1. Taking B:Val138 and the conditions (1) under 19 Å from the mean Cα position of the chain (by Cα); (2) β-branched (Val, Ile, Thr); (3) farther than 26 Å from B:Gly207 by Cα, which numbered condition does it fall short on, given that it satisfies the others?
2. Within the range C:5-41, which residues are over 18 Å from A:Leu61 (Cβ atoms), touching a Gly at 6+ places or on another chain (Cβ under 9 Å) and of a type in the set (Gly, Ala, Ser)?
3. Tell me, which helices (runs of 4 or more DSSP H) wholly within the range B:109-159 include 2 or more residues that are under 18 Å from A:Val71 (Cβ atoms) and of a type in the set (Gly, Ala, Ser)?
4. Kindly provide the set of residues from the range B:102-115 that are surrounded by fewer than 18 Cβ atoms within 10 Å (Cβ to Cβ) and either among the hydrophobic types (A, V, I, L, M, F, W, C) or within 21 Å of the chain's Cα centre (by Cα) (or both), ordered by number.
5. Of B:Val225, B:Val210, B:Val184, which residue is crowded, with 24+ Cβ neighbours inside 10 Å and over 17 Å from B:Gln127 (Cα atoms)?
6. Any residue at all in the range D:81-99 that's more than 25 Å from D:Ala10 (Cα to Cα), without any contact (Cβ under 8 Å) to a residue 12 or more places away in the chain, in a loop (DSSP other than H, G, I, E, B) and at the interface with chain B (Cβ under 10 Å from one of its Cβ atoms)?
7. Mind counting the residues in the range A:4-25 that are more than 7 Å from chain C (Cβ to nearest Cβ) and among the β-branched types (Val, Ile, Thr)?
Amino acid sequence: MNGWILAATVALGGGGAAVLWGVTTGPPARRVIAQNLATSAVCPALLLLSQGYGRPAYVDLALLLALLGPVGTLVFARLLCDDLSEEGASAWALTWTAAGLGAAAVVALCVAVGPGRAMVKLLVVGALLISGNVIASRALAGGFRGVRGG
Amino acid sequence: MNRLRLWLLAVGGAGLAALLVAACLDLPGFGGRRHPYGDRAVQASLARHTANTISSVNFDQRAYDTLGEMSILFAAVLGCVVLLRQARDEHRDRPEPAEVARPVRRYALLVLPVALVTGLYVVAHGQLSPGGGFQGGVVAATALHLLYLGADYGALERVRPLGVYETSDAVAVCAYLVLGLASVLAGTAFLANTLLPYGTFNTLSSGGTVPLLNAAIGMEVASAVVVLLAHFLDQAVEIEEEQGS
Amino acid sequence: MSDAVIVVVLLLVAACATAAVVQRDPARQALVLSVLGVLLAALFTVLQAPDVGLSQLAVGSALTPLLIMLCVRKIRRRGRPKEDAR
Amino acid sequence: MHILPYLVAAYVFVTGCYGLATSRNLIHAVGCLAVCQSATYVLLLAVGYRDGATAPVFSDIAPGSRPVVDPVVQALTLTDIVVGATVTALLLALVLQIAKRHGTVDPDELRELRG
């Protein structure tokens, strides 16, 4: 009974269900926020799985998701700006809770992994994840208000 | 007429679903022990000092199949270039500069080099850790378009000369073929991994020609995706149809 | 224990695929396809296939939605003069 | 549990086919085709799985120390994903051409345009 895999299961199950519900219902602004939440829910789960399976090589997956997730959200923020601009999508509470959970998972993993190259990689992934999450929700909250030409 | 179509779809779908379920019941249980091909592939990969067995399967044991897959990629991008070119009754106007929020612009311009380096890292360590030419190429190409997301299309066009990427696409395909022919010249089979020494296990130079084929595929996929996105962006942002037509 | 995580992610992928098909508007479908890409990457990690997960992440979370959104934007922009005229 | 992954793959495939058949927008149809393709990824990887095994990538574990999953299906799925992406791009380019030449992306309206 591996605690890390259990934590990953809870994160994937809970986060995935919330994201799915968020992305299928509600106004387009709320849907793009749910897509942004998908990155910040699944990335810590991938890190936990990497630790649970005892495979440091799986951290590359979380690194790539932390890099490309916010890029996907920026794509939607940029190309859906005419849908988003009328009511502006700001969900700062959600963003900060997701960032907090991600940070908690990274800190727990750093403690488990111990100092060394692996911890540096984990911190890089954590930093990329949180900055990407915050910037993407910043972009959704009106980063592209005046973009006509694109 | 529509009613008939839906009925046909329902009957066909139900039949397909029933057959699929019947097939699933006869498949060996999920997580079974018997994987004859897998065990042999792992042995062949370890014999050639390639740590990542999937890259060994892709670029060593079935390199000819990857050659076919790369030509599909090349032909599909060629098709898109032909289909999405500017037609006679269309004109191309300058993309208006877009103002983007300061933190988003800073984030995009900061993450762009990180993503490029990650893409190159994924390609370079293709035969060691998870990753390879395909994944690294797509990551590097997508990273380049962060400039479009962070700034505007004009900035991206200045940085990305399209001719260079089209030639690098063709050069990468030729590099893959030349590597294959080199082993024919050396007296063994086409694309056989007997050209270079296999090197020590789990180092950057291990695996004989696998890292070279990996780099060729990485370059080809990256430039193919850049060319693909360039033509889609041109259509979406720049090319306008004459209102008169 | 690792079976439970496989079952959870499989059911999430099935639900997300249904959502992607039921969603008729292409722009919103691109959003659901992006989430499906991320969930598939998680499923591939759970099925011990990191290479495939990396490939799905690179292709599914940034490339495919960008292509679909550019296509929707081109067709929406093409339709606009006619809509004003109508 | 021992056939759930195959059933999920079959379910996603049939759902994708349903969406493809009843789609009223060609871009939506391309999205449904992508869903159909993801069903094949799930089936291929489910066939190659082995209980309690890990990925056959030996950059951080010693070879032979742990049972490994089947790498051949993973290589097939990897090629499938990349080719699927480029086929999606080509189909979207065709959809753009249809929208340009016929002014519509609804397959039913297309069928009524004769010549």
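1. All conditions pass for B:Val138, except number (3).
2. Of everything in the range C:5-41, those that are over 18 Å from A:Leu61 (Cβ atoms), touching a Gly at 6+ places or on another chain (Cβ under 9 Å) and of a type in the set (Gly, Ala, Ser) turn out to be C:Ala15, C:Ala17, C:Ala20, C:Ala30.
3. It comes to B:133-144.
4. Within the range B:102-115, B:Leu109, B:Leu110, B:Pro113, B:Val114 qualify.
5. Numbers: B:Val210 fails: over 17 Å from B:Gln127 (Cα atoms); B:Val184 fails: crowded, with 24+ Cβ neighbours inside 10 Å.
Selected residue: B:Val225, the only one of B:Val225, B:Val210, B:Val184 that is crowded, with 24+ Cβ neighbours inside 10 Å and over 17 Å from B:Gln127 (Cα atoms).
6. No, because not a single residue in the range D:81-99 is more than 25 Å from D:Ala10 (Cα to Cα), without any contact (Cβ under 8 Å) to a residue 12 or more places away in the chain, in a loop (DSSP other than H, G, I, E, B) and at the interface with chain B (Cβ under 10 Å from one of its Cβ atoms).
7. 2
Rundown of residues vs (1) modelled with pLDDT of 90 or more; (2) of a type in the set (A, V, I, L, M, F, W, C); (3) within 30 Å of C:Arg76 (Cβ to Cβ), yes/no style:
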{"site": "D:Tyr6", "(1), (2), (3)": "yes, no, no"}
{"site": "D:Tyr11", "(1), (2), (3)": "yes, no, no"}
{"site": "D:His28", "(1), (2), (3)": "yes, no, yes"}
{"site": "D:Cys32", "(1), (2), (3)": "yes, yes, yes"}
{"site": "D:Tyr41", "(1), (2), (3)": "yes, no, no"}
{"site": "D:Pro71", "(1), (2), (3)": "yes, no, no"}
{"site": "D:Leu110", "(1), (2), (3)": "no, yes, yes"}
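The values are calculated or read from the model by the stated rules, or taken from the named source; none is laboratory data. These numbers come from a predicted model, not from an experiment. FYI the Cβ positions are ideal-geometry reconstructions off the backbone, even for glycines, and counts take in every protein chain you see.
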